[in-house]
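Working notes for the structure below.
Readers should treat all values here as calculations from the given coordinates under stated rules, not as data from a laboratory. Small disclaimer: the values here were computed from a predicted structure and weren't measured. Because the Cβ atoms are built from the backbone with ideal geometry, glycine has one as well, and the counts that use them run over all protein chains shown.
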Amino acid sequence: MDKYLVLIMFLQVLLTSGIMLLMGRRRFAAARNREIHLSAFRTMDLAGANEKVITASRNFDNLLQMPVLFFAGVLAVLQQGQADLVFVLLAGVYVALRTLHSLVHVTSNQVRMRFNLFLLSCVVLWAFWLRLVVVMW
């Protein structure tokens, strides 16, 4: 089961990397089109940027917040030798929900759907951690 958890972590890394590339492309395009002045990148003041630039940037930031707890949890499971099908399924569902959240965020940006996906991913992550505590206790 260990290799499946590592694969799922890799998928989360790919998601974060993909959003980083999308963010970069959108920022470069905005700078090239003179929608953002290059000096804005000194302090990352994107106040004048278009919605696509801002949503990609915010989504990238999101992927460096709660997923940190995901990575820590998976590493704890692996270190303790507790990997099983339930942890793999919880991890897979978490990454799938984060992927859907990102897709909504950088495309239609439907706030209610985005929030529901985020909240559901948090519930799955909390279940992962609760199970980890119970298994270790």
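Applying the criteria of a DSSP loop state and at most 16 other Cβ atoms within 10 Å to the trypsin sites (Lys or Arg not before Pro) of the range 1-55 yields R34. The alpha-carbon positions of the chain define a convex hull whose volume is 104 Å³ per residue. Could you tell me whether the range 67-137 comes out rounded, prolate or oblate from its Cα gyration tensor? Rule is a ≥ b ≥ c as square roots of the eigenvalues, rounded for a/c under 1.5, then prolate if a/b exceeds b/c, otherwise oblate. Prolate, because a/c is 1.5 or more and a/b exceeds b/c.
In what order do R114, R98 fall by count of nearby beta-carbon atoms within 10 Å, going from fewest to most? Write out the running numbers ahead of the final one.
Values: R114 20, R98 25.
Final ranking by Cβ density, sparse to dense: R114, R98.
Note on the range 3-61: Cα-Cα pairs beyond 13 Å make up 62% of the total pair count. About the centre of its Cα atoms, the range 2-136 shows a dipole size close to 460 debye [charges on the beta carbon of Lys, Arg (+1) and Asp, Glu (-1) only; nearest 20 debye]. Simple rule: put +1 on each Lys or Arg Cβ and -1 on each Asp or Glu Cβ in the range 2-136, find the dipole, and look at F70, T16, G48; the Cα lying farthest toward the positive end is G48. Relative to the dominant Cα principal axis of the chain, helix 85-106 is inclined by about 10°.
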